[in-house]
Amino acid sequence: MCSIGNAKIAGMGDDLKLTSQQYSTALVVFFVTYVVFEPPSNMLLVRLKPSIYLPAIMSIWGALTCCMAAINDFKHLVGLRILVGVFEAGFAPGIILIISSWYKKDEQSKRFGVYMSAAILSGAFGGLLAGSITGGMDGTAGLAGWRWLFIIEGAATVIWAVASYFILLDFPANTKRLTDRERAIATARLREGGVRTHVEGEERMGKMKSLRLAIFDWRTISFILGYMVSFAAYTFLLTTSLTQPRSLSAPQPSRTSTLPWSTVSDTQTE
């Protein structure tokens, strides 16, 4: 998600002749589909195998990210951003769902914390990596650095998607990587901890009822708004505010976006 901000300051905006309004539109359309498709994605996930579903959507959005290296105009950029939002939408809520399906309530917060910390760290070092790619590979094979950024990040996503197929478990009641006895123990353990689990033969909650519960839950709405405001503001506005007029080369804004604000401010005043 942060690739487009780093790609813009590496020359994508100039190469595609994007106006400020067009760039803002390209940012917004991703979050629209990302938010809209999160609930239906989890509704699909609970009816499919996570070990297949999550690697599949990872592979698709990774391939779409690679395709962004070939764009030549604003329309292509917006179209791919919409599609990436559709398929990437299922990843974060899917991981949260899997964690909550395997651990008791008093065990979940620590696992959620580890996952969110990993996401924050990836964002912190993403700018450093992006700066190295756009600066070190600019002109390689006749491609601009920002195009290599999409290719490398998309390819890495596909590789991890393939690896995750062999790592991810399904839900405790239906995973094939546990024996019948191990599945029974895992399910009983969750029920003792107050976590509801589905056992084959039991009636499932209706699709429309589960969708209404997800959409109209005030916590869901609060988390969505908080995520969009805080993440989008940091990822995109910080990187694009550190530009060449302050004597920074193209890769440097991506790298400096990993630093705390105070450090960046001190650097600019020297």
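Taken together, the values in this text are just the output of simple stated rules run on the coordinates, not laboratory data. As the structure is a prediction and not an experimental result, all values here were calculated from the model. Positions of Cβ are generated from backbone atoms using ideal geometry, with glycine treated the same way; all protein chains shown enter the neighbour counts.
What the table shows:
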{"read-out": "Listed pairs LYS49/LYS105; LYS8/LYS49; LYS49/LYS75; LYS105/LYS176; LYS49/LYS104 exceeding 28 Å between Cα atoms", "value": "LYS8/LYS49; LYS49/LYS75"}
{"read-out": "Extent along principal axes [Cα atoms of the stretch 1-129; Å; largest to smallest]", "value": "52, 31, 22"}
{"read-out": "Estimated distance in nm for a label pair at ILE159 and SER117, the labels positioned 7 Å out from Cα along Cα-to-Cβ", "value": "2.6"}
{"read-out": "Estimated FRET transfer efficiency (VAL46, ASP73; beta-carbon r; R0 35 Å; 0.05)", "value": "0.35"}
{"read-out": "Alpha carbon centroid spacing (whole Å) that separates the stretch 112-175 from the stretch 46-77", "value": "12"}
